[in-house]
Amino acid sequence: MPTVLVTGANRGIGREIVTQYMADGWDVIAACRDPDGAGLDCETLALDVADPDDVEAAKRTLGDRPVDLLWNNAGIYPDKGQGLDTLSYARWLEAMHVNCLAPVRLAAALSGNVAASDRRIMAFTSTMMASIGRDPSGAYAYRSSKAALNMAVTCLKHDVRPLGIACCLIHPGWVRTDMGGEAAAIDVATSVTGMKRVLDGFTMEHTGRFLSYDGSEFPW
Ligand SMILES: NC(=O)c1ccc[n+]([C@@H]2O[C@H](COP(=O)([O-])OP(=O)(O)OC[C@H]3O[C@@H](n4cnc5c(N)ncnc54)[C@H](OP(=O)(O)O)[C@@H]3O)[C@@H](O)[C@H]2O)c1
């Protein structure tokens with residue numbers, strides 16, 4: 001069976017990714033900061049994505065094991081409700097680390113594992129809030145860190161293409177989670193079912209695309 005490694009697997013969208021791939025019979029590696037407290041019924045990996053030592057340790061643990069789908073899902077939205085006058089620049093930097101630098105660092109560390117697999121997909125959970133084409137306002141830290149992720153993955157796709165790895169930037173929808181809030185439009189099952197469908201049909205022909213969970217394309 002194929003193997004998926006998902007970050008931020010303990011709650012929200014990440015946890016539903018774990019549930020759905022387990023139901024499909026995949027080997028699931030659920031990466032999160034506190035595996036002991038997560039109550040996950042699958043293989044786990046202790047991983048604070050923003051900690052380079054944790055990323056190195058994860059690579060050592062995995063060795064040469066193939067990973068068909070590396071799903072960089074963990075993310076933070078630290079500036080909800082902040083305006084220009086109340087911005088926390090420290091939290092903005094944290095968002096850049098968690099939402100942009102960390103996924104690239106993990107992708108670089110595990111590129112050999114993904115290259116050794118059959119499917120060879122890297123997924124990066126982005127957001128419609130990163131789309132500059134939608135002429136957004138507010139949420140400086142979240143939007144800019146995810147827009148930076150979009151650019152970083154656009155660069156990364158060229159470096160991993162020779163390894164046969166395709167990169168997907170995916171918007172999960174506005175989803176009812178701790179981050180999305182109770183008023184969000186869809187539940188985690190709808191979001192993950194849609195994203196899985198997109199990734200099932202994702203090949204090198206599509207690499208670098210910025211897609212929604214329903215398969216539609218987003219303006220950059
Ligand atoms: N919900 C939405 O409407 C929505 C819309 C667009 C995009 N997204 C994106 O979808 C992804 C998942 O969001 P969600 O709604 O499921 O959010 P969530 O419920 O707040 O869950 C966030 C997950 O990320 C993990 N995480 C945060 N910082 C981490 C770190 N340094 N190391 C490891 N894990 C870390 C959290 O782990 P802890 O429990 O340890 O904090 C948690 O598992 C995020 O990238 C988010 O930006 C969500």
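Here are some notes:
- Applying a threshold of 7 Å to beta carbon distances and a minimum spacing of six or more residues, or different chains, the list of pairs starting in the range 46-66 at a residue that is under 22 Å from Ser117 (Cα atoms) and ending at one that is of a type in the set (A, V, I, L, M) and away from the ligand (no atom under 16 Å from the Cβ) reads Asp64/Ala116; Pro66/Ala116.
- Contact annotation: residue pairs with Cβ atoms under 9 Å, 6 or more positions apart or on different chains, pairing a residue in the range 136-165 that is modelled with pLDDT under 95 with a partner that is loosely packed, with under 15 Cβ neighbours inside 10 Å, are Gly138/Gly83; Gly138/Leu84.
- With respect to the conditions (1) in contact with a Ser or Thr (Cβ under 6 Å, 6 or more places away or on another chain); (2) away from the ligand (no atom under 14 Å from the Cβ); (3) of a type in the set (Lys, Arg), Lys146 lacks only one, and its number is (2).
- Residue list for the range 108-125, restricted to those being within 16 Å of the ligand (Cβ to nearest atom) and without any contact (Cβ under 8 Å) to a residue 60 or more places away in the chain: Ala109, Met122, Phe124
- Residue check for Thr177: of a type in the set (Ser, Thr, Tyr) and more than 16 Å from the ligand (Cβ to nearest atom): no
- Of all the residues in the range 2-25, those that are part of a loop (DSSP other than H, G, I, E, B) and either in contact with a Leu (Cβ under 6 Å, 6 or more places away or on another chain) or modelled with pLDDT under 95 (or both) number 0.
- Looking only at the range 4-34, and only at residues there that are near the ligand (Cβ under 10 Å from one of its atoms) and more than 14 Å from the chain's Cα centre (by Cα), the one that is surrounded by the most Cβ atoms within 10 Å (Cβ to Cβ): Arg33
The values are calculated or read from the model by the stated rules, or taken from the named source; none is laboratory data. Remember, it's a predicted structure, so these values are computed and weren't measured experimentally. Using ideal geometry, Cβ is built from the backbone for each residue, glycine included, and neighbour counts are taken over all protein chains shown.
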